[in-house]
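The block underneath contains the structure these notes are about, expressed in structure tokens.
The values are calculated or read from the model by the stated rules, or taken from the named source; none is laboratory data. Owing to the predicted nature of the structure, the values given are computational and were not obtained by experimental measurement. With ideal geometry, Cβ positions are generated from the backbone for all residues, glycine too; neighbour counts draw on all protein chains shown.
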Amino acid sequence: MQDPSQQKRFTRRKLVSSAARFVAATSLAPIAAACVGAPTSSPSASATTSAGASATAKLSGNLSILIWSHFVPAYDTYLQKFADDWGAKNGVKVTIDHVNQADLPARAATEAGAKSGHDIFAHFAQGLPALFENDLVDITDICEAAGTKYGGWLDAAVSIGKVNGKWRGYPDFFIPFPSTWRKDAWTKAGLPDGPKTWQDLLDASPKLKASGNPVGTSYAQNSDAEQTWRSLLWSFGGGEFSADGKSVTIDSAETRAALNYAKSLLPNLDSAVLSWADADNNSCLQSGRCSWIYNPISAYRSIEGQNPQPAFFKDLYVNLPMAGPKAQICSIQWVVFGVWNFSKNIDAAKQFLTDYIPDFQAQAEASKGYNNPFLKDRLKKPMAVLGSDPKLSVLQDVANNIRAIGYPGPATKAAFDSLNTHILPDMFTNYATNKKSIDDSVAEAVTRLKASLAKFPV
């Protein structure tokens with residue numbers, strides 16, 4: 001595994017390049033969600049010794065899996081060990097290929113277009129079931145069995161994995177966006193427990209900037225901005241689409257309130273946020289400059305794993321997603337496994353997923369709590385990893401706050417088109433920087449969202 005310090009960071013150019021390749025192949029390029037910067041270093045984790053309940057004699061041949069390079073490398077080590085053990089027991093040669101998640105949309109489009117490629121495709125927050133419904137095996141039997149065994153699915157998982165009544169993907173885990181903040185800086189600003197609401201953030205931001213430790217969130221076209229602005233918009237009571245996903249609802253008083261908030265916040269942020277790429281908020285926190293970012297816990301883990309560890313790590317804390325005037329909810333990223341219907345070893349692919357699903361304890365430990373479960377029984381306290389870490393234990397309740405793309409409606413193709421084409425970041429940034437008036441910013445978003453619905457009607 002490549003040393004984190006040498007890992008190539010995602011750049012905006014790479015994200016745009018990948019999206020462009022996907023557009024050429026499918027006319028829809030969901031965003032490549034880089035959000036969390038370089039992977040954290042952690043000790044190797046061993047897969048459970050079971051690697052499936054029992055060998056299945058009828059299986060044979062080869063099984064190939066394409067998946068992203070996890071931001072906690074020990075998870076990749078775990079998965080390889082699990083696959084090797086499972087393959088040995090079942091007489092199947094398993095090959096796992098890892099790619100940067102920025103490359104996943106183009107790879108998915110290429111494989112689906114060619115009807116050739118890997119057997120199992122693990123997509124990263126880019127809508128594999130919705131976008132490739134006709135290219136994926138119906139795995140309703142696997143997903144419903146998992147739901148029955150482990151207490152049922154979170155609503156977000158159903159929205160992600162189920163298309164037109166059939167499960168086309170297994171939602172493996174979600175990645176929430178909590179607040180990561182420095183207690184020393186926030187205590188000086190008068191909030192020793194850190195920000196709990198978007199209003200807390202706005203109120204404290206001038207003091208924090210004056211002290212040399214500003215807060216930071218991106219106003220550029222990237223995944224972090226996509227998740228942040230959706231979280232803010234939803235918490236203010238707004239949304240892009242209606243509950244049935246069939247109409248555009250962005251033109252509302254709630255949207256305007258969220259836009260005015262973002263415009264008020266911008267002058268008090270780190271001055272570089274207009275050009276931030278996804279890794280830059282991590283870097284700002286890790287350098288000791290930023291006092292708050294809205295990001296998955298990989299930023300926290302990266303700083304924890306630094307050698308030598310920064311003195312300020314003892315003051316680094318994580319809070320639940322920010323509350324707004326109407327709700328306390330956040331957008332998420334996720335990993336979902338699909339089986340291509342052109343796979344030459346569908347039986348082995350389905351059995352691999354069936355045997356992988358029960359091993360969540362080992363998966364959570366390998367990911368250091370980064371992988372959050374979609375299955376309800378796995379959310380019981382104390383949760384794996386999170387329940388034993390005093391600073392992260394608050395995240396045992398984060399499942400109450402998460403929503404999937406398209407909220408309050410389903411995760412439709414139109415919702416993913418909006419995600420890919422940066423409609424929300426453009427709307428927020430255009431108004432916050434005075435490029436457009438609030439009415440013109442909203443009107444442009446309405447026009448673009450209607451175009452997405454026309455292209456991908458619900």
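Filter the range 123-135 down to the residues that are buried (at least 24 other Cβ atoms within 10 Å of the Cβ) and outside any loop (DSSP other than H, G, I, E, B) and list them by number. Give the derivation first.
Step one: list which residues in the range 123-135 are buried (at least 24 other Cβ atoms within 10 Å of the Cβ), which gives 123-131.
Selection gives 123, 124, 128, 129, 130, 131.
Select, from 394, 398, the only residue that is among the hydrophobic types (A, V, I, L, M, F, W, C), more than 19 Å from residue 222 (Cβ to Cβ) and either over 22 Å from the mean Cα position of the chain (by Cα) or surrounded by fewer than 17 Cβ atoms within 10 Å (Cβ to Cβ) (or both). I'd like the intermediate steps shown before the answer.
Values: 398 fails: either over 22 Å from the mean Cα position of the chain (by Cα) or surrounded by fewer than 17 Cβ atoms within 10 Å (Cβ to Cβ) (or both).
Only one candidate qualifies: 394.
Which of the following residues is in a loop (DSSP other than H, G, I, E, B) and without any contact (Cβ under 8 Å) to a residue 60 or more places away in the chain: 364, 384? Talk me through it step by step, then tell me what you get.
Values: 364 fails: in a loop (DSSP other than H, G, I, E, B).
Sole residue among the options that is in a loop (DSSP other than H, G, I, E, B) and without any contact (Cβ under 8 Å) to a residue 60 or more places away in the chain: 384.
Given the residues 285, 274, which is the only one that is surrounded by fewer than 18 Cβ atoms within 10 Å (Cβ to Cβ) and either under 30 Å from residue 443 (Cβ atoms) or in contact (Cβ under 8 Å) with a residue 60 or more places away in the chain (or both)?
Of the residues listed, the single one that is surrounded by fewer than 18 Cβ atoms within 10 Å (Cβ to Cβ) and either under 30 Å from residue 443 (Cβ atoms) or in contact (Cβ under 8 Å) with a residue 60 or more places away in the chain (or both) is 274.
When both residues are 6+ apart or on different chains and their Cβ atoms are under 7 Å apart, which pairs have a first residue that lies in the range 436-450 and is touching a residue at least 60 places away in the same chain (Cβ under 8 Å), and a second that is of a type in the set (A, V, I, L, M) and part of a helix (DSSP H, G or I)?
Pairs that qualify, where the first residue is touching a residue at least 60 places away in the same chain (Cβ under 8 Å) and the partner is of a type in the set (A, V, I, L, M) and part of a helix (DSSP H, G or I), are 438/259; 441/259; 441/427; 442/427; 445/423; 445/427; 449/423.
How about the range 155-213: which helices (runs of 4 or more DSSP H) wholly inside it have at least 2 residues that are in the same structural domain as residue 285 (by TED's automatic domain parsing), modelled with pLDDT of 95 or more and not polar (S, T, N, Q)?
On the way: elements: 155-161, 183-188, 198-210.
In the range 155-213, the matching helices (runs of 4 or more DSSP H) lie at 183-188, 198-210.
If you scan the range 430-453, which residues turn out to be assigned to a helix (DSSP H, G or I) and either among the polar types (S, T, N, Q) or at positive phi (or both)? Give the steps one after another, and end with the answer.
Start the filter on the range 430-453 by keeping residues that are assigned to a helix (DSSP H, G or I), which leaves 430-432, 438-453.
Passing the criteria: 430, 441, 447, 452.
Does the range 332-348 hold any residues that are touching a strand residue (DSSP E or B) at 6+ places or on another chain (Cβ under 9 Å) and within 19 Å of residue 59 (Cβ to Cβ), and which are they?
Residues satisfying the conditions are 337, 339, 340, 341, 343, 344, 345, 346, 348.
Output yes when any residue across the range 237-247 is among the aliphatic types (A, V, I, L, M) and buried (at least 23 other Cβ atoms within 10 Å of the Cβ), and no when none is. Talk me through it step by step, then tell me what you get.
Of the residues in the range 237-247, the ones among the aliphatic types (A, V, I, L, M) are 243.
After this cut, where a residue has to be buried (at least 23 other Cβ atoms within 10 Å of the Cβ) as well, the list is none.
No, the range 237-247 contains no residue that is among the aliphatic types (A, V, I, L, M) and buried (at least 23 other Cβ atoms within 10 Å of the Cβ).
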